[in-house]
Amino acid sequence: MNRWIALLAAGTALSSCATAPVEVAPPAAQPTAEPVAPPPPAPKAQIGTFGFDESGMNRAVQPGDDFYQFANGTWAKNTQIPADKSNFGMFTALQDLSQQRTREILDSTKDDPASKIGAAYASFLDEAAVEAKGLAPIEPWLNEIRGLKSRSAYAVLQGQAARNGVPGLFGGNVGQDDRQSDVYIVGLGQAGLGLPDRDMYLLNESNFAEIRTAYVDHMAKMLTLAGEANAAARAKAIMDMETRIARVSWTREDSGDATKIYNKMTVAQLKRLAPGFDWDSYLKTRGITVNELLIAQPSAFKGIAAIAARTPLPVLKDQMLVNSLDAFADVLPNAVTAESFAFFGTKLNGTPQNQPRWKRAVDFTTANLTDEVSKIYVTKYFPPESKAAMETLVANVVSAIGRRIDNLNWMAPETKVKAKAKANAFKSRIGYPDEWHNYTYDVRRDDLFGNLLRANQWAHDWNAQKLGKPIYRWEWGLDPMTVNAQANFQLVAITFPAAILQPPFFDPNADPAINYGGIGSVIGHEISHHFDDQGAKYDASGNLRDWWTPADVAAFKRLSQELVKQYDAYEIFPGANVKGEFTLGENIGDLAGVTAAYDAYRHTLNGQEAPVIDGFTGDQRFYLGWAQVWRRNYREANLRTRLVTDPHAPSTQRTWITRNFDSWYNAFNVQPGQKLYLTPEQRVRIW
Ligand SMILES: [Zn+2]
């Protein structure tokens, strides 16, 4: 598992017809009679006069009452979420732009018989061929499941499912050993649930009871589509089994604790811990030969193996049938695609419509031949100047973090030395990777299902072959077309794909305050992940080990708990609050990230005040730049699901991190009595 990768934002799902909010470039100057060259036009920000969309503000709201609404209220009121999206904001607008650009790339390749990406794209677009084949392409796999006769054969099939990209009772793969980051190891984690979180099986809060009913109904429909009889009762039996699995599963908070989930054991120990599942057969089928491995949630493994041993084989088989249809729903006939979307898209996230076929074809090709698409994309859409400008920004924010560490009053001097060594060790990865994968599997124009199956198997086997090899440090977990950013603890790396290095995050022609408030804070956020509640446990070499004094740990815990309380208090729907502990790492990322970006911005001013632009001071523009990138409207179902599954707080509450900064109070004259006001003692300061 890539457990120790933190993202800037989750679920920035692809799609929609809206385009990014960019202005058209001004027309070129007309030639004049005089042979004097006209002065070059002043560079112009792509949004507004300085990089911020003032028309999206709601100035009727006081910044101190709701800074998100002040900066973004008119945008929020006037922005509809497209029918094929669960949410819409700045991330999604840029993701749409990536999708449109990728479509143009793929359109130009789809008639080229030698092009692999062209063949993959064409195979997805050929809807008539997919409908004509029906379930025939997946039947051989479904028949293997139906023909299962023994529990040993079940473990073999679970291993095969992992290769095929079908979720099983256990997940995980090869990754860096947390305590020896230059060595690969197999890490396995709990799985076996079709709903996104254990709480949805066990609790009656929010809309969970309704989701459970819809889930059983969905499984029954999938079994019926597979041609199975007596589907309702069989779906209920799967639900009963998954509810038992939910009871023994760890919470997201526990599963997110790097120390708790580091449990190295031999395969022999695993067999003693979790009898009832044929581990040898499972690992062998996955091509994994090891003596030792990491088991994330030992008690859950014991529980799930026992449940698997007790559950009648037909129920285990039915769960695999349903999971297989859901995993391949996008490449099967519309009846299957639509049923899978009705549950996962509409019921769980409120999205009324699936994306049109061309968008899904773009996503399919990008997901499975990522680097083949990326190579073309970055030459067309990632100017080298952006990389150079980003390198300067990153260096300035890293320096600001270093100064912050020097000035901390709660950290021991010897720990500060190590913390600064870690800050200096960061590798920043900007735009696109240094090397590309070579996809050696067959891509056929007339075999969409087979293309996905072979892609999944290739990805699995590529991962498995890493055991015993040096670390592939060039490998990214994000593609350049993705609007996101990433911190990787074991690589001590921060990653910024090309697609996020665009307005409103980053615009070389915008006012620096906007760039520092936007991408500067994103950079600070990613760096700060390396010092969040989990990232801080890793040293300058990316190893999980105790490098703090006990007093440092105690002080950090106490300060973090204040932030937990601040976020726990945000009630989004009656009875449904932000989970302060679950979102802590991201909130520390925002708290420290904005702080560092602000410091870096002020540092560039050399003690001067920035000019006032359109009536806004430099500090005001900095915080508006931060607020602007979080413009996002959610469908209710999506936001409810996110409260349980997304380690990031909702966009409004992320924006409100500003209430912890004295400079924000000064910039907007925030006063006691206003809703976001905190006394100086209540403001959380960690880094
Ligand atoms: Zn993050």
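Numbers for the structure displayed
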item	result
Nearest-ten-degree value, helix 151-164 long axis tilted from longest Cα axis of the chain	40 degrees
For the stretch 129-146 and the stretch 320-375, distance of Cα centres in Å	17 Å
Antiparallel bridge percentage (DSSP; both residues within the chain; nearest 5)	75 percent
Proximal charge balance of G593 [Cβ under 14 Å; K/R count +1, D/E count -1]	-2
Length added when fully stretched, N230-N606, from 0.36 nm per residue minus Cα-Cα	127.9 nm
Reachable lysines from K466, criterion Cα separation under 23 angstrom, eight or more residues apart if same chain	K264, K284, K427
Selection from H525, A627, M219, by position along the positive dipole direction of the chain (Cβ)	M219
Charge sum, other residues only, whose C-beta stays under 10 Å from R545's C-beta, Lys/Arg counted +1 and Asp/Glu -1	-1
Neighbour-limited loop hits for chymotrypsin sites (Phe, Trp or Tyr not before Pro), the stretch 122-184 (at most 13 other Cβ within 10 Å; DSSP other than H, G, I, E, B)	none
Magnitude of the charge dipole, the chain, Cβ model with Lys/Arg +1 and Asp/Glu -1, debye to 20	1600 debye
Between helix 298-310 and the chain: long-axis angle, C-alpha atoms, 0 to 90°, nearest 10	30 degrees
Mean separation of Cα contacts under 8 Å, 6 or more apart, over the residue count of the stretch 362-434: relative contact order %	41 percent
Average Cα contact separation per residue, the stretch 188-336, under 8 Å, 6 or more apart, as relative contact order %	30 percent
4 °C / 1.567 mPa s Stokes-Einstein diffusion coefficient of the stretch 532-652, Kirkwood radius on C-alpha pairs, µm²/s	76 µm²/s
Alpha carbon convex hull of the chain, volume per residue in cubic angstrom	167 Å³
Restraint check, K236/K537; K260/K422; K149/K347, Cα-Cα greater than 31 Å	K236/K537; K149/K347
Overall form of the stretch 139-246 per C-alpha gyration tensor (a/c, 1.5; a/b vs b/c)	oblate
Whether the stretch 236-389 is rounded, prolate or oblate, judged on the alpha carbon gyration tensor where a/c under 1.5 counts as rounded	oblate
Hydrodynamic radius (Kirkwood) for the stretch 271-334, which is based on Cα pairs only, to one decimal in Å	13.9 Å
Sequence ranges 603-613, 635-645, ranked by mean other-Cβ count within 10 angstrom, highest first	635-645, 603-613
Distance between the stretch 58-91 and the stretch 584-648 - C-alpha centres, whole angstrom	14 Å
Mean separation of Cα contacts under 8 Å (6+ apart) over length of the chain, as relative contact order %	22 percent
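Here, each number is a calculation from the coordinates, and none is a lab measurement. All figures in this text were calculated on a predicted structure; none of them were measured in a lab. FYI the Cβ positions are ideal-geometry reconstructions off the backbone, even for glycines, and counts take in every protein chain you see.
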